[in-house]
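In what follows, a structure is listed as structure tokens, so that the remarks can point back to it.
The values are calculated or read from the model by the stated rules, or taken from the named source; none is laboratory data. Please read these numbers as outputs of a predicted model, since none were measured by experiment. Every residue, glycine as well, gets a Cβ built from its backbone with ideal geometry; the counts of neighbours run over all protein chains shown. Calculation scope for accessible area: heavy atoms of the full protein, side chains included, ligands and nucleic acids excluded. Shrake-Rupley method; radii C 1.70, N 1.55, O 1.52, S 1.80 Å.
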Amino acid sequence: MALHLLKLCVGAESVEDHRAWIEARIDALRKAGLPPEQTHTTRMIPKRADEIIGNGSLYWVTKGKVQSRQRIVDIRPFVDAQGISRCDLVLDPELVLTVPQPRRPFQGWRYLKAEDAPRDLSDAAAALAEMPSEMRAELSELGLL
């Protein structure tokens with residue numbers, strides 16, 4: 001069974017805003033002649049990396065709700081210029097929408113067991129993916145999704 005990570009998506013106003021940031025970052029890397037891979041740098045290195053790499057995802061909390069995830073391709077520890085241990089979470093650039101799940105703020109990242117992770121929006125609900133995230137969240141809170 002896969003193990004996942006949970007992290008706040010600080011600075012993004014919506015899933016669409018987050019998606020646009022990912023696309024802009026990938027485009028900037030391509031233009032600079034660098035490999036177009038998306039990474040997220042974090043201070044703490046997951047001790048259970050073997051359970052995460054390839055099967056796990058990074059679930060993003062945007063505006064108080066888990067609303068999306070990205071598959072974790074690799075975890076690369078390194079030491080920065082100040083001598084501090086860090087790691088890059090190498091992510092699949094595809095942002096997969098999930099059923100919104102409320103979460104309180106926290107610092108850093110948390111492990112997330114597969115059974116506790118929100119489901120992806122199903123293919124039958126693909127049309128919901130086109131709907132603005134605020135509207136999706138509101139309809140979900142009303143029990144209409």
Query raised in the report: In straight Cα distance, which lysines are under 24 Å from residue 7, not counting same-chain residues fewer than 8 positions off?
Result: 47, 63, 65, 113
Report summary line: Taking Cα pairs closer than 8 Å and at least 6 residues apart, the relative contact order of region 4-145 in percent is 27 percent
Query - Label assignment, Cα Rg over 2.2 N^0.38 Å derived from the structure, set (1) 1.07; (2) 1.20; (3) 1.35 - result: (1)
Query - Cα-based helix-to-principal-axis angle, 15-31 vs the chain, degrees rounded to 10 - result: 30 degrees
Query raised in the report: How many angstrom separate the Cα center of region 25-40 from the Cα center of region 67-82?
Result: 15 Å
Query raised in the report: Which net charge results when you count Lys and Arg as +1 and Asp and Glu as -1 among the other residues whose beta-carbon is under 9 Å from that of residue 108?
Result: +3
Query - About the Cα centre, charge dipole magnitude for the chain (Lys/Arg +1, Asp/Glu -1 at Cβ), debye - result: 580 debye
Query raised in the report: Do any trypsin sites (Lys or Arg not before Pro) in region 14-96 lie in a DSSP loop with no more than 16 other beta carbon atoms within 10 Å, and if so, which?
Result: 43, 47, 48, 63
Requested in this report: Could you order 21, 60, 109 so the one with the most accessible surface comes first? Probe is 1.4 Å.
Outcome: 21, 109, 60
